[in-house]
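One structure is given below, encoded as structure tokens.
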Amino acid sequence: MKTMRDPHGKPSRRRGRRPGARLLSPLLALGLCLAAVLTAAVPAQATADRATGTGAGTAADTTIIDSTRGGGQSVAFTFDDGPNPADTPRLLEVLRRHNVDAVFCLWGDHVRQNPGLVRQIVADGHTLCNHSMYHNDMGSWSQAQIRADLEQTSAAIRQAVPGAQIPYFRAPNGSWGQTPQVAASLGMQPLGWRLTINDWEPSNADQLAQRLRSGITPGAVVLLHDGGGDRSATVTAVDRVIPEFQSQGWRFDLPAAPR
């Protein structure tokens, strides 16, 4: 064996590498590469979940929200059961004219029938809410059944508007059951309400407008309808009430973020 001298002039011996050491180095390098790939993939998936409103990577929880983000003298208008070709276009025109953003809780089967209206809702800057595929009562459903329905509904919305964000879910008829847990796991915040004006019952625009005037309280989420029947009276009532509240200093807000 050849004798070597170290930097201090002392003799030293060169030791040969053991065979295992030669194998360990490439394996170690491969392991480090895999770790780097997995580390990058986790935040990337979380980011994708947040962008699409699906997956536990979002901030959604099981709280059923019924108040506005800003609180105070503000109100959030939410519209269920659309899109409806008879009344949704006029409602969009009313909201556009008064510069109000709202939440549209979409019925999946109606989305399939009217994808162009969904695109218009999004183009106007409104926020989307998953309201189930067929408006069935989910109060007694299993989590697996609920998940399948909510995923089908979100897929229908995204077929109309690829990449659409769907930050909220509202249970049909307010029959929540296990839906808050499933919705939150899919990145959608359960959305309730503090006031409903029963506009699914026979009522004229004067009656509905008066219910809004007398029922709205600071920070309330209000449930109204643009689908599921003739909603022309609702649209007329909204058109009358919005400028009245705006002239009194009220702000039209979105529902609150998770607590």
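Structure notes:
- Residue within region 248-257 that is open to solvent by less than 20 Å² (accessible area, probe 1.4 Å) and outside any helix (DSSP H, G or I) present: yes
- Residues located in region 133-148, provided they are surrounded by 21 or more Cβ atoms within 10 Å (Cβ to Cβ) and part of a helix (DSSP H, G or I): ILE146
- Filtered by the rule that a residue be part of a loop (DSSP other than H, G, I, E, B) and either within 24 Å of the chain's Cα centre (by Cα) or more than 22 Å from GLY249 (Cα to Cα) (or both), region 201-224 gives GLU201, PRO202, SER203, ASN204, PRO218, GLY219.
- Figure legend. Inter-residue proximity from region 98-114: first residues within 18 Å of GLN189 (Cα to Cα) and of a type in the set (Val, Ile, Thr), second residues open to solvent by 50 Å² or more (accessible area, probe 1.4 Å) and modelled with pLDDT under 95, beta-carbon distance below 6 Å, spacing 6+ or different chains. No pairs are indicated.
- Selected residue (only one of GLY227, GLY177 is open to solvent by less than 10 Å² (accessible area, probe 1.4 Å) and either assigned to a loop (DSSP other than H, G, I, E, B) or modelled with pLDDT under 95 (or both)): GLY227
- Test result for ASN198, open to solvent by 50 Å² or more (accessible area, probe 1.4 Å), closer than 16 Å to ASP81 by Cα and in a helix (DSSP H, G or I): no
- Screening region 154-174 for residues that are among the small types (Gly, Ala, Ser) and assigned to a loop (DSSP other than H, G, I, E, B) and picking the one that is most open to solvent (accessible area, probe 1.4 Å) gives GLY163.
The values are calculated or read from the model by the stated rules, or taken from the named source; none is laboratory data. In this text the structure is predicted, and so the values were computed from the model without any measurement. FYI the Cβ positions are ideal-geometry reconstructions off the backbone, even for glycines, and counts take in every protein chain you see. These area figures cover heavy atoms from the full protein model, side chains too; ligands, DNA and RNA do not enter into them. Shrake-Rupley method; radii C 1.70, N 1.55, O 1.52, S 1.80 Å.
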